[in-house]
Structures are given as C-alpha cells and as structure tokens.
1. Between Arg76 and Val56, what length in nm is gained on full extension when 0.36 nm per residue of separation is reduced by their alpha carbon distance?
2. Can you give the charge dipole size of the chain about its Cα centre, rounded to the nearest 20 debye, using +1 on the beta carbon of Lys and Arg and -1 on the beta carbon of Asp and Glu?
3. Is segment 116-196 best put as rounded, prolate or oblate by its Cα gyration tensor, with a ≥ b ≥ c the root eigenvalues, rounded for a/c under 1.5, and otherwise prolate when a/b is larger than b/c, oblate when not?
4. Beyond 26 Å between alpha-carbons counts as too far, so tell me which of Lys95/Lys207; Lys91/Lys192; Lys55/Lys124; Lys55/Lys95; Lys145/Lys201; Lys95/Lys192 fall in that bin.
5. Which residues make up the longest stretch of the chain clear of GluC sites (Glu not before Pro) that lie in a DSSP loop with no more than 16 other Cβ atoms within 10 Å, not counting the sites?
6. When the helix-only estimate is applied to the chain (DSSP H runs of n ≥ 4, each -39,500 (n - 2.57), divided by the residue count), what is the mean residue ellipticity at 222 nm, nearest 500 deg cm²/dmol?
7. I'd like the Karplus ³J(HN,Hα) series for segment 52-66: coefficients 6.51, -1.76, 1.60, θ = phi - 60°, whole numbers in Hz, and an x wherever there's a Gly or Pro.
8. Using a 10 angstrom cutoff on alpha carbons, build the Gaussian network for the chain and name the most mobile of His86, His164, His53.
Amino acid sequence: MMRLPELFVFDMDGLLFDTERLFMNKRAEILPEYGYVHREEDYIRTLGTSGDHLKVVLTEIYGPEYPADEISQRSRALQLAHMREHGAPVKEGIKDLLAWIANKGIPCCVATATASVHADEILKLGDIRPYFSFIVGGDQVSHSKPHPEIFLTACSAGGVTPEHALVLEDSENGILAADAAGIPVICIPDMKYPASEIANKTAAIVKTAADVIPLFD
C-alpha cells in the first residue's frame, strides 16, 4: 500500500489525453509535403521530450535540414482544430481517478511539455480543467524531460518537497525526469511500455488511471 502524496503531478499528452497518437497522425499527414517518411518507431523516440533535446533527436532521425518548428506548429494546429471540433480524448480511468483524488482533498497539477496556454485550453476541451490547481507548461522551464526541472518547478509551485509529491507519467523520459527529481512515479504506458531498466525506476506500472486507486485504498 502506497502513502498518499501531498500533490499529484500529471503529465498531459499520452497520460491525461490520447493526444500523442492524434498529434502523430496529423504530423504523418504533413511529413510527405516536406519529403519525409513517417514511421511510428521514429515518433516513439520523441515521446516525453521537447525543446533542444527534441531537436537533437529529430536531427538524428531526419537530418539537419528538418524544419522542426514549422512541422510541429502545423501538426499542433491540426491537432488543436480536431479537438476543438470533437473534444479532447480523455484516457480511460482519468475522470475516475481525478474524482477520487478530489474526494481526498489532495491538489493536482499538470506538468507538460505543451505550452501552458495550449494545455489550459486542452484541459478545458476535455472538461477536466477544474481538477487542477495549476499548470507548469514547457514554456515556463528551460530544460525538457528527462531533465527534472519541470517536476521540481511543480513541487515548488505546490509548496511540497519532491518526496511528498507523486508523478503520473506515460513516457520513459517522464519517468527519468521524475526519478532525477527524487519524486515517486507511477507509469501508465501509452504508445510504448518502458524498457526494464526504466521500469525499475517506477513505484508501479498500471494499465489505466483507475488502477492507481487500489494502490492507496
């Protein structure tokens, strides 16, 4: 039985929402225009990171001429347009978990590579914004995951020490970031199950968000 934290820190894409696959599919529509071939395994390499670290990975995959910012912005616009029309796809068990946490009176926040203004809109489109006290977006930190900065920033904003917080993540880079921050992490895999050496850094790995509840109750 795990001890309840003083702050739940949620990743967003691939954890709260099934947006990683949506973004990937929109990006796949654009890539051929630039002469690039989409492969899911290439996209999986980019999960859970952003900024300079992401650009390094993209350069390794596509070469130095790859217009990372332009393709990302166009893909994000298509993704957002889809969600504005159809709603944000909340992942299985998330609303159950958020309601359970709210009943316990424990605050939640979001720590995401997505810019905070876009994260705020997506949370509203998914009808779960009221569950979160604050958002730490990728535009508010200097380093992307697997660097621990975003999670340490969340702890600071929430007024808790890292060991008294809990991170929920889907990606390997997110697990590594939480581990580097000294924060316990539960993994709910999305597009990739973590490699064994990274899985060993988690407090638990569960299938859906609802499966987090029995770890405490």
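Values quoted throughout were computed directly from the atomic coordinates according to the rules given, and no laboratory measurement underlies them. No experiment lies behind these values; they were computed from the predicted model shown. So basically every Cβ, Gly included, is an ideal-geometry build from the backbone, and we count neighbours across all protein chains shown.
1. 5.3 nm
2. 360
3. Taking the square roots of the gyration eigenvalues as a ≥ b ≥ c, segment 116-196 is oblate.
4. Lys55/Lys124; Lys55/Lys95
5. Answer from the scan: 93-217.
6. Per the formula, -13000 deg cm²/dmol.
7. Each residue of segment 52-66 in turn: 5, 5, 5, 5, 4, 5, 5, 5, 4, 7, 10, x, x, 8, 4 Hz.
8. Highest fluctuation of the listed residues: His86.
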